[in-house]
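Asker: Before I ask anything, here is the structure I am working with.
Throughout, read-outs are computed from the coordinates displayed, never taken from laboratory work. None of these values were measured; they are calculated from a predicted model. Cβ placement follows ideal geometry from the backbone for every residue including glycine, while neighbour counts extend to all protein chains displayed.
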Amino acid sequence: MKKNKKNFLLEAVIKIFSSLPKGKILDLGCGNGDYAKELKDLGFDVVAGDIDIARFRYKNEVEFKHCDITKEIPFPAGHFDYVLLLEVVEHLRNPYTVIPEINRIIKPNGSLIISTPNILNLKSRLRFLFEGVYEYFREPPLDQLNNPGEIIFNLHIVPYRYHELEYLLSAAGFKVKNIFASICEGYWMWFLLPVIKFQSWQKERRIRNKKGNINYKRIHKILFSKELLFGRNLVIQAVKA
């Protein structure tokens, strides 16, 4: 009998919400509903939203709402304390429409918990060096689109560095509050750190010499965190400004 794989992202989300005040959550792009069910069991008021109800396992336990995030989300403004968007943003063709719409349905000072495969971890960087592709973005989207198994559009089409994700959130009216990882792994690749840190130091030095106005120390501090260097999934808590 095949054992179920451990869901490290689910464990990280439960840990994050264990320290947050109780409130109303929308799990947007909920898939089978495991996250929504666990958060409801934790004491939160949870609504699961997805375009595909057939995958949802908890119809009699968690409220489900049909949501097509390419269109208006069917909830009033300021309706939720939290919205989950886990492993969804890399699938979106129109993120600069979707994320502001999520902002609309979150209460002031409420949070968006968003995750995406962490393409900046050392394992992914090493794969890019040899294969020219990032971890979790190995399949050509156009070829995959012609796969008869793709009944609903579910392709990884946009690999996000932290940089672009931070900008997307800021442009939609969010401010990054906390950064987490699903699981940190690949510590054996620590030998790459001196080279990467030297390159970053050189970049900061070049900017200073050219009297540039970008302070790379801020972003480098984030990029050298263990979450970014070794995390499998990048998880961000972004607060509605």
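Asker: Quick one: among 113, 183, 196, which has the greatest mean-square fluctuation in a GNM of the chain with alpha-carbon springs under 10 angstrom?
Answerer: 196
Asker: If you take the charge dipole of the chain about its Cα centre, with +1 on Lys and Arg Cβ and -1 on Asp and Glu Cβ, which of 182, 121, 198 is farthest toward its positive end?
Answerer: 198
Asker: On to the next question. Just the number, please: percent antiparallel of the DSSP beta bridges in the chain, rounded to the nearest 5.
Answerer: Once the DSSP bridges in the chain are tallied, antiparallel ones form about 45 percent.
Asker: May I pose another question? Once phi is turned into θ = phi - 60°, what whole-Hz ³J(HN,Hα) does the Karplus curve with 6.51, -1.76 and 1.60 give for every residue of segment 166-177, x standing for Gly and Pro?
Answerer: 4, 5, 4, 5, 4, 5, 8, x, 10, 10, 5, 9
Asker: Here is a further query. Quick one: Cα centre-to-centre distance for segment 1-55 and segment 176-240, in angstrom?
Answerer: Between the Cα centres of segment 1-55 and segment 176-240 lies a distance of 28 Å.
Asker: Which of the residue pairs 15/175; 107/177; 65/177; 177/203 have a Cα-Cα distance greater than 18 Å in the structure shown? Walk me through the numbers on the way to the answer.
Answerer: Values: 15/175 21 Å; 107/177 16 Å; 65/177 28 Å; 177/203 26 Å.
In this structure, 15/175; 65/177; 177/203 lie more than 18 Å apart at Cα.
Asker: In nanometres, what is the gap between the two model label sites at residue 77 and residue 16, each 7 Å from Cα along Cα-to-Cβ?
Answerer: 2.6 nm
Asker: Any idea what the dipole of segment 186-227 comes to, in debye rounded to 20, about its Cα centre with Lys/Arg Cβ at +1 and Asp/Glu Cβ at -1?
Answerer: Rounded to the nearest 20 debye, it is 340 debye.
Asker: Is the C-alpha gyration tensor of segment 98-241 telling us rounded, prolate or oblate? Criteria: a/c under 1.5 is rounded; beyond that, a/b larger than b/c is prolate, otherwise oblate.
Answerer: oblate
Asker: Another question, if that's okay. Give me the Kirkwood hydrodynamic radius of segment 40-113, using the inverse of the mean 1/r over all pairs of distinct Cα atoms, in Å to one decimal.
Answerer: Result for segment 40-113 stands at 13.2 Å.
Asker: Sticking with this structure for a sec: Give me, ordered by chain and number, the residues 5 or more places off residue 110 or on other chains with an amide H under 5 Å from its own placed amide H.
Answerer: Under 5 Å from the amide H of residue 110 lie the amide H atoms of 240, each far enough along the sequence or on another chain.
Asker: What does the charge count near residue 198 come to, summing +1 for each Lys or Arg and -1 for each Asp or Glu among other residues with Cβ under 14 Å from its Cβ?
Answerer: +3
Asker: Can you tell me the orientation of helix 8-18 relative to the chain, as the angle in degrees between its alpha-carbon axis and the longest Cα principal axis, to the nearest 10?
Answerer: Approximately 70 degrees, to the nearest 10.
Asker: Regarding segment 161-241, what's the average projected area of the Cα-atom convex hull, expressed in nm²?
Answerer: Values: hull surface 23.9 nm².
Dividing the Cα hull surface by four gives the mean projection, 6.0 nm².
Asker: On to the next question. Around residue 122, what is the net charge, scoring Lys/Arg as +1 and Asp/Glu as -1 over all other residues with Cβ under 15 Å from its Cβ?
Answerer: +3
Asker: Is segment 168-212 rounded, prolate or oblate when judged by the Cα gyration tensor, a ≥ b ≥ c being the square roots of its eigenvalues, rounded requiring a/c under 1.5 and prolate requiring a/b larger than b/c?
Answerer: Oblate shape, in that a/c is at least 1.5 and b/c is the bigger or equal ratio.
Asker: I need two numbers for the chain: Rg to one decimal and Dmax as a whole number, Cα atoms only, in Å.
Answerer: When restricted to Cα atoms, the chain yields Rg and Dmax of 19.0, 63 Å.
Asker: Summing Lys, Arg as +1 and Asp, Glu as -1, what charge do residues with Cβ under 14 Å from the Cβ of residue 42 carry, residue 42 excluded?
Answerer: -3
Asker: Going from the alpha-carbon gyration tensor of segment 24-76, what semi-axes, largest first and in whole Å, does one get by taking the root of 5 times each eigenvalue?
Answerer: Values for segment 24-76, descending: 17, 13, 8 Å.
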